[in-house]
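Just so you know, all these numbers are worked out from the coordinates, no wet-lab data involved. Given the structure is predicted, the values throughout are model-derived calculations rather than measurements. Cβ sites come from the backbone with ideal geometry, for glycine too, and all protein chains shown count toward neighbours.
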Amino acid sequence: MYTTMPDQQPIRIQAEQIPFIREMAKITRNMWRFGWDERNGGNVSCILDEQQVAQYLDIHHVIRRFEPAFPVHELAGRYFIVTGSGKYFKNVIDDPEGNLGVLRVSENGEQLELLWGLSNGAVPTSELPAHFMSHIERLKIDPQHRVVMHNHATHTLAMTFVHTLDENAFTRTLWEMCTECIVVFSDGIGVIPWMVPGSSEIGRATAQKMKEHRAVLWPQHGIFGAGATIDEAFGLIETIEKAAQIYMKIAHLPIQQRITEQQLTDLAQAFGVTPRPGILKATI
Ligand code: 2HA
Ligand code: ZN
């Protein structure tokens, strides 16, 4: 690894010093600490700019090539940092090179070119189809979009056992749990049916929901979140998880007072957000 400074020779640096590697190592550690990524649970992918990568890595040196599950012409030439398949989030911080990879989608969209990491024959996350398809859909709506994140956020997952999976009703309940929820995810959350993970089918279903929502629930499994930055995608999931935690603490108790529909409307107005139509009127 090297970095270049104006008027200087390249300097060798450690992976931990590269900002986009460091950020992935830190976020995966935090997700594990929250208990959302037991064993090899969870995966993250983040789009990087070519200049950002070229500052630290030799973008002309392809270490290995992979075949994606399907051609991704829409992402041709894009650079990504991704978590590796079967890798434990708790270990990333001590061995970024073994657990993360930087790759580029080839110019024809039919191959993945490994530029760094995934050492000892590791391969990208098993949920790459869902990540790629979600990136494609989010980029169409939001040119600033960069990050897709999946984990097994505990209370969110628990809530999918006891709450109706109607996405408007589910969102409405979450909005009622914490005052700021409607501001953070006014676009609501999408919910897909239970499906086998890792498949192109679940990827397609997730991406379909990503056309309208930045967060998508996988019942009895976990959540996908998207954003312009790692902080944004993480913050979105963190906010949903906090609301789900409150729900799981109070749902079985007698409710004395709640956030009313009028208050949710007032909040949206005060913060200048438009709640996704149909949610405020959803019956639970
Ligand atoms: O193993 O979380 O959904 C990583 C996963 C698959
Ligand atoms: Zn999972």
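The label point for GLU38 and the one for ALA69, both projected 7 Å from the Cα toward the Cβ, are 2.3 nm apart. Shown here is the pair-distance distribution of the range 188-284: with all Cα-Cα distances grouped in 10 Å bins from zero up to the longest one, the shares run 13, 37, 38, 11, 1 percent. Residues of the range 211-230 with an amide N closer than 19 Å to a point placed 7 Å from the Cα of GLN144 along the Cα-to-Cβ direction: 211-215, 225-230. In this simple spin-label approximation, VAL196 and PHE161 carry label points 7 Å from Cα along the Cα→Cβ vector, and these lie 2.5 nm apart.
Work out, in µm²/s and without decimals, the Stokes-Einstein translational diffusion coefficient of the chain at 10 °C, 1.306 mPa s, Rh from Kirkwood over C-alpha pairs.
Details: Rh = 19.7 Å.
Taking Rh from Cα pairs, D becomes 81 µm²/s.
On average, how much area does the Cα convex hull of the range 52-133 cover when viewed from any direction, in nm²? Mind showing how you got there, number by number?
On the way: hull surface 21.2 nm².
Its Cα hull, projected and averaged over all orientations, spans 5.3 nm².
Between the beta carbons of GLN52 and GLN262, assuming R0 = 41 Å, the FRET efficiency works out to 0.35 to the nearest 0.05.
Here the chain carries DSSP beta bridges of which approximately 90% are antiparallel, counting only pairs with both residues inside. Loop-resident chymotrypsin sites (Phe, Trp or Tyr not before Pro) (DSSP state other than H, G, I, E or B) in the range 140-228 with no more than 15 further Cβ atoms inside 10 Å of their Cβ: TRP194. Overall shape: oblate for the range 141-217, with the ratio a/c of the largest to smallest alpha carbon gyration tensor axis at 1.5 or above and b/c at least equal to a/b. Along the charge dipole of the range 218-266, pointing to its positive end and built from +1/-1 on Cβ of Lys, Arg, Asp and Glu, which listed residue (PHE234, GLN245, TRP218) has its Cα farthest out? Looking along the dipole axis, the top candidate is GLN245. Shown here are the Rg and Dmax of the Cα trace of the range 58-103, at 12.4, 34 Å. In terms of its Cα atoms, the range 117-183 spans 46, 29, 20 Å along the principal axes, sorted from long to short.
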